[in-house]
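Heads up, the thing below is written out as structure tokens.
Laboratory data are not the source of any read-out in this text; all were calculated from the coordinates shown. Every value quoted in this text rests on a predicted model; they were computed, and no experiment measured them. Please note: Cβ atoms are built from the backbone with ideal geometry, for glycine as well, and neighbour counts cover all protein chains shown.
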Amino acid sequence: MIASGASSHETIIGLEIHIQLKTCSKMFCGCRVEFGAPPNTHVCPVCLGLPGALPVVNRRAIELAVRAALALNCTVHRSSFFARKNYFYPDLPKGYQISQYDRPLASDGWLDFPEEGGGAGRVRIRRLHVEEDSGKSLHDRFAGKTAVDLNRAGVPLVEIVCEPDLRSPAAARAFLGRLKRVLEYLEVSDCNMEEGSLRVDANVSVRPAGSGELMTKTEVKNMNSFSQLERALAYEAARHLTLVRSGEQVEPETMLWDPARGEARPMRGKEEVHDYRYFPEPDLPRLEITEDVVQRIGGSLPEMPWQKEQRFIDDYGLPRYDAELLSSSRALADLFEAVARSVPDPKEASNWVMVEVLAVANESGRPVEQLNVDPEGLAEIIGLVAGGRLSHSLGRQVFRRMVETGRSAGRLMEEEGLRLASGDELELWVGEALAENPAEAERYRAGEQKLLAFFIGQVMRKSQGKADPGRARQALLERLGRASPPDTPGS
Ligand code: ZN
Ligand code: MN
């Protein structure tokens with residue numbers, strides 16, 4: 001049998017992801033975490049690795065790591081250990097990184113993600129551990145020299161190691177997108193690839209489709225956006241395939257992706273674990289996490305946006321479009337649910353939140369959570385419009401004033417005259433509209449019935465939205481001498 005085309009091989013991708021935890025201070029000292037601060041301004045004896053300085057674990061960092069681990073369906077271990085990962089590099093002042101090795105914080109999780117063209121993929125998570133970041137080497141600061149900024153040294157990270165369950169660069173991108181959304185929603189990390197708070201390394205190999213063979217893999221680094229990740233993985237998979245087809249060996253190397261040139265170049269031979277001479281960190285006790293802490297953090301995990309989306313469809317009968325938009329931010333979703341609880345038709349609540357609330361947010365340039373929309377107040381307006389006591393346009397005006405002033409619908413209707421016009425007022429505007437446009441009135445009476453819309457518009461304008469369009473139409477028809485349009489039989 002002759003193997004044909006790319007379908008004869010499959011790409012195997014495994015990701016290792018470093019996530020910067022959203023803490024105020026570093027992992028083992030009190031130094032502030034701040035992106036973009038002047039170089040070497042957030043350092044102390046601990047993160048500079050001065051002799052005798054002792055590390056203390058940042059409790060908040062551990063809580064965030066547990067939060068991430070639980071959301072990724074991992075088992076959180078009651079005790080885990082810190083270890084020293086030894087290597088020499090100018091941006092690593094201690095000569096080792098405090099990480100975790102054979103006893104990580106958590107292991108054996110998974111995350112489902114939406115695959116292109118429908119369906120769900122699943123990536124198993126081998127382990128999740130906490131560690132500290134290194135400093136940063138700056139090669140472009142001084143000509144011909146490398147500078148070191150240690151502000152980042154000691155910043156808390158979690159490293160997430162995935163099983164090689166991904167089969168295409170597109171799937172890797174989709175998975176990473178889902179992971180990023182989970183961690184952002186959990187408020188565990190900003191996940192900003194440009195600022196380095198989400199960093200991804202990928203292991204790539206190519207093997208005959210369906211074979212269980214373990215092929216030589218390479219590691220790709222320096223992919224600083226989702227699109228670069230997809231491009232780099234496609235490049236590397238194609239390179240492997242070319243080598244395999246021509247009977248050449250893939251070398252186990254670490255490849256550095258060059259976004260400008262669109263190619264990956266070998267950086268160094270791939271390290272083996274024994275190169276790092278891991279050993280237990282003698283300055284830190286074992287990390288104990290009680291059942292209580294796991295329970296408390298587990299109980300505080302928010303519903304994920306895609307779970308919310310499905311629940312809005314199932315429980316409120318919303319169209320998918322509405323459910324997706326409303327679940328896109330927590331503030332919007334919470335507001336919708338609070339309003340929907342107080343009105344008979346959830347779709348009405350959805351319409352008002354999607355259209356009016358978002359319009360006010362856009363116009364004011366403020367996010368929904370800062371608008372102080374009172375859900376009860378909005379529900380009341382929806383009820384007044386549904387009951388015919390406010391026109392839709394008046395309802396919108398009342399809502400806007402409510403957001404601005406915090407006053408109730410009843411008070412605004414009373415004090416600002418935001419209420420439907422009385423019959424007398426309507427008669428007055430109808431009379432004015434006809435008197436001001438005698439030629440149009442004549443043409444209407446001669447059979448040009450489309451002018452009715454023109455007169456309704458005139459009356460609505462005079463009323464500044466306070467006239468009910470249906471009643472305005474009725475009043476005009478009566479004044480123009482007909483109770484129904486001219487061409488109706490019997491008129
Ligand atoms: Zn420090
Ligand atoms: Mn690491």
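Below, the figures for the structure above:
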read-out: Net charge of neighbours whose Cβ lies under 11 Å from the Cβ of residue 286, counting Lys and Arg as +1 and Asp and Glu as -1; value: 0
read-out: Gap separating the Cα centres of region 126-181 and region 281-345, nearest whole Å; value: 27
read-out: Positive minus negative residues near residue 458 (Lys, Arg vs Asp, Glu; Cβ under 11 Å); value: -1
read-out: Qualifying lysines (Cα of each under 25 Å from Cα of residue 308; at least 8 residues distant if same chain); value: 22, 180, 347
read-out: Relative contact order %, the chain, counting alpha carbon pairs below 8 Å whose residues are six or more apart; value: 13
read-out: Which of 255, 267 has the fewest Cβ neighbours within 10 Å, and the rest in rising order; value: 267, 255
read-out: Relative exposure of 42, 77, judged by other C-beta atoms within 10 Å (fewest first); value: 77, 42
read-out: Sequence of 444, 321 once ranked by neighbouring C-beta atoms within 10 Å, starting from the fewest; value: 321, 444
read-out: Ranked by how many other beta carbons lie within 10 Å on average, peptides 391-397, 130-136 from highest; value: 130-136, 391-397
read-out: Net +/- balance of residues flanking residue 414 in space, Cβ distance below 13 Å, scoring K and R +1, D and E -1; value: +3
